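In what follows, a single structure is set out as structure tokens and then discussed.
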Amino acid sequence: MFHYTTIATLLALMFYFYTSVQVARARMLYGVKAPAISGHPDFERVFRVQANTLEWLPIFLPSLWLFAYYLSDAFAAAAGAVWIIGRILYMLGYAEAPEKRGLGFAVQMVATAFLWGGSVYGVVHQMLGA
């Protein structure tokens, strides 16, 4: 069973849900009617946090689960927690100013690269019968 990875997945999805709710709130606050995705700069930053999180989920989630399957549930979950922390830092930095999003982006990118690279290693290692 992959209990830790399941928890990391649920937390990541909870964060994504939170960003989606924030976009809905920002639409009302700044008067940006759907389907528009531009308008007030504060709305656009909230929207980009949600959109960028969505853009990374298809890379992050499969890598998370493949790492858990081929290498370690606990280490996958730990890297998943780092990814979530990175996304939170990204959100908080971007809320202040676009140029402050870099640290959070880098943290989540490194976590994803670790998970993806570990997944590749795990698959190849298993295929070679080691």
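Any read-out appearing in this document is the output of simple, stated calculations on the displayed coordinates, not a laboratory observation. Keep in mind that what you see is a predicted model, and the values were worked out from it rather than measured. Note that we place each Cβ from the backbone using ideal geometry, even for glycine, and neighbour counts take in every protein chain shown.
Put simply, the amide H of Ser72, placed in the peptide plane, has no neighbours under 5 Å, leaving out anything fewer than 5 places away on its chain. Most tightly packed first, judged by the mean number of other beta-carbon atoms within 10 Å of their residues, the peptides 99-106, 36-43 read 99-106, 36-43.
Within the listed set Gln108, Gln22, Gln50, the Gaussian network model of the chain (springs between alpha-carbon atoms below 10 Å) gives the highest mean-square fluctuation for Gln22. Our coupling estimate for segment 97-110, obtained by passing each phi through the Karplus curve with A = 6.51, B = -1.76, C = 1.60 and θ = phi - 60°, is 6, x, 6, 9, 8, x, 4, x, 4, 5, 4, 5, 5, 5 Hz, Gly and Pro reported as x. May I ask you to derive the relative contact order of the chain, considering only C-alpha pairs under 8 Å and at least 6 residues apart, and to give it as an integer percent? Over the chain, the number comes to 27 percent. A helix-only calculation puts the chain at -29500 deg cm²/dmol for mean residue ellipticity at 222 nm, using -39500 (n - 2.57) for each DSSP H run of at least four residues, averaged over all residues.
The angle between the Cα long axis of helix 73-96 and the longest principal axis of the Cα atoms of the chain comes to about 20 degrees, rounded to the nearest 10.
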